[in-house]
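Notes follow once the structure below has been shown.
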Amino acid sequence: MKTSLVLISAATALGMVSAADTDVILGVALFGRHGDRTPKILGNTELTALGKNQVYSAASYIRNYYLSNTSSSSLTSSDSDATISISNLEIQAPDTSVLTQTAFAFAQGLFPPSESIQTETLANGTKVSTPLDGYQYPNLEGIPSDAPEAYVNEGTSQCPRYDLETEYYAMNDEYTRTLSASQSLYDEIAPLVQGVGGWNSSAINFGNAYKIFDYLNYGFVHNETIAGQLSQETLARLRVLADQHEFALNYNATDEAYNIGGRSLMSEVLDNLNASAVAGQRISYAAGSYANFMSLFALLNLTAASGDFYGLPGYASTFSFELRGPTMTTTDTASMSVRFLFRNGTAAEEELTAFPLFGGSEVDVSYETFVKEVKARGALMTTRAWCNACASHASVCTAFLLDYDTNAYMGREYPVSPLGAGFIGAGVMAAVMTLLAFLLFSVVKRLRARVDKLGGGRRGSFGSDETRVTRVGEVAEEKV
């Protein structure tokens with residue numbers, strides 16, 4: 001996203017604050033993007049040292065905002081409370097290298113070494129210091145890709161319906177116009193990209209807008225050659241094209257299949273806010289990717305609050321859903337409200353800024369209205385709901401396969417893309433060949449039986465133990 005995201009006039013900012021600004025914060029659900037990392041096109045992405053510092057810096061900012069008794073938004077009564085013992089802390093991330101490291105770096109910044117827990121006295125009077133000058137050890141949940149809850153942060157992974165529908169983006173008029181209009185820019189930077197990851201000149205175009213920007217953005221920071229040949233202006237133009245491409249792949253007002261990443265993440269938002277409302281959870285953090293965040297922003301209609309929500313969030317960006325109430329002891333959800341805040345990246349001038357949700361004018365919305373609106377926008381609250389929305393054959397979906405509307409998945413409600421049509425054609429052909437093989441097998445078996453009765457039978461290849469008819473399901477599985 002562009003840095004103009006937080007440049008709101010004072011008048012507008014004041015108009016957005018409601019009476020609920022005097023409420024206390026009962027809990028916060030935090031989400032954050034990873035920091036600087038190696039580019040996707042090179043494979044085996046890793047968080048860089050710069051990236052880890054960016055996330056740590058983001059967490060330090062959040063600590064000062066929510067865990068310092070000098071902050072008007074503090075969750076604690078004193079700085080001494082801001083240790084790992086804070087009640088009901090939850091930190092989680094998909095079990096991938098970049099996002100797990102992001103969660104660890106954030107936890108380190110949120111709860112740095114503390115002198116208050118640095119030493120303890122044993123029965124014999126010996127004082128023992130904890131390692132690393134009071135380093136705190138948060139519980140971090142790494143979620144494997146095959147876990148039932150994995151979908152909340154990886155909604156588009158193993159999601160055939162998303163994969164099929166988003167292929168259509170390359171067929172619409174907007175894509176075609178941009179592909180043509182931007183080609184001169186991509187031709188200009190082609191020498192910096194050609195050959196990387198096996199790419200040739202035909203791949204250097206708007207169709208790979210994000211991967212190209214991702215590679216050159218990394219190179220602009222880490223590679224002296226690229227930094228010397230690529231201007232800041234050109235990189236910014238590539239960024240705008242990547243913004244456009246990725247937003248189109250992760251939100252569509254008329255086709256909810258594009259929105260599955262955000263719809264999945266909304267369930268995590270609701271779960272964590274509910275934990276604050278009902279169980280007293282004070283703070284949660286989940287590391288995630290830009291694509292799901294962009295989808296979520298669009299579904300919550302934050303694009304109406306700022307056009308910059310159409311763009312990629314910066315590295316180590318953080319956003320927060322605050323659950324607010326009149327007092328810390330509030331238990332009546334009818335008196336609670338929700339406020340959304342966003343900090344784009346980690347630059348010193350960037351602040352955690354409130355934006356109105358659902359196209360409204362005030363930054364606070366009642367908790368009950370928030371829950372209703374999020375569910376109305378298609379929040380996928382269960383693994384079963386996600387499996388059905390994706391028509392997924394992931395291992396966690398095995399129990400729900402009979403729920404799927406096969407006709408809808410294969411094209412009556414959802415048109416089949418060229419790639420999908422190829423898969424279906426292959427499946428139909430396999431089915432026909434299987435049927436012919438079965439009929440031929442039956443005929444030969446009967447002929448052999450008749451010959452055997454005449455005493456002239458001899459076991460042949462069609463009746464051998466090695467004979468195996470390939471099932472259509474096996475062919476389809478190989479192609480998914």
>> Using 0.36 nm times the number of residues separating Val24 and Glu233, minus their current alpha carbon distance, what extension gain do you get?
In response: 70.9 nm
>> I need the semi-axes of the equivalent ellipsoid of the stretch 126-221: take the C-alpha gyration tensor, multiply each eigenvalue by 5, square-root it, list largest first in whole angstrom.
In response: 42, 24, 11
>> If I model a spin label at Ala399 and Asp255 as a point 7 Å from the Cα along the Cα→Cβ vector, what separation in nanometres do I get?
In response: 3.2 nm
> Taking one equal scatterer on every alpha-carbon of the stretch 222-321, how large is log10 of I(q)/I(0) by Debye at q = 0.12, 0.16 1/Å?
Replying inline: -0.51, -0.78
> For Asn44 and Thr126, FRET efficiency with R0 = 51 Å and r from the beta-carbon atoms, rounded to 0.05?
Replying inline: 0.65
>> How large a share of the accessible area of the stretch 271-400, in percent, is made up of carbon and sulfur atoms when the probe is 1.4 Å and the other protein chains stay in place?
In response: 51 percent
>> Taking R0 as 51 Å, what FRET efficiency do you get between His222 and Asp332 from their Cβ-Cβ distance, rounded to the nearest 0.05?
In response: 0.45
>> I'm a student and want to see the number: the projected area of the Cα convex hull of the stretch 147-191, averaged over all directions, in nm².
In response: 5.2 nm²
>> Rolling a 1.4 Å sphere over the protein heavy atoms, what is the accessible area per residue of the stretch 36-76, to the nearest Å²?
In response: 45 Å²
> Distance in nm between label sites at Met381 and Thr369, each 7 Å beyond Cα in the beta-carbon direction?
Replying inline: 2.0 nm
> Excluding ligands and nucleic acids, what accessible area in Å² is computed for His34 using a 1.4 Å probe, to the nearest 10?
Replying inline: 10 Å²
> Taking H as built 1.01 Å from N, whose amide H comes closer than 5 Å to the amide H of Val24, not counting residues under 5 places away?
Replying inline: Gly325, Thr327
> Within a Cβ distance under 12 Å of Val193, other residues only, what is the Lys/Arg minus Asp/Glu net charge?
Replying inline: -2
>> Test of understanding: what is the full-extension gain from Ala347 to Asn139, defined as 0.36 nm times their sequence separation minus their Cα-Cα distance?
In response: 72.0 nm
>> Just to verify a number: what accessible area does Asp187 come out at with the full protein assembly present, 1.4 Å probe, Å² rounded to tens?
In response: 90 Å²
>> Just to confirm, what accessible area per residue do you get for the stretch 232-385 at 1.4 Å probe, in whole Å²?
In response: 33 Å²
> Going by average Cβ neighbours within 10 Å, how do the peptides 195-208, 353-366 rank, with the highest at the top?
Replying inline: 353-366, 195-208
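The values are calculated or read from the model by the stated rules, or taken from the named source; none is laboratory data. All of these numbers come straight from a predicted model, not from anything done at the bench. Here the Cβ is made from the backbone with ideal geometry for all residues, glycine too, and neighbour counts use every protein chain on show. The protein model used for the area step is the full one, side chains on, heavy atoms only, and it has no ligands, DNA or RNA in it. Shrake-Rupley method; radii C 1.70, N 1.55, O 1.52, S 1.80 Å.
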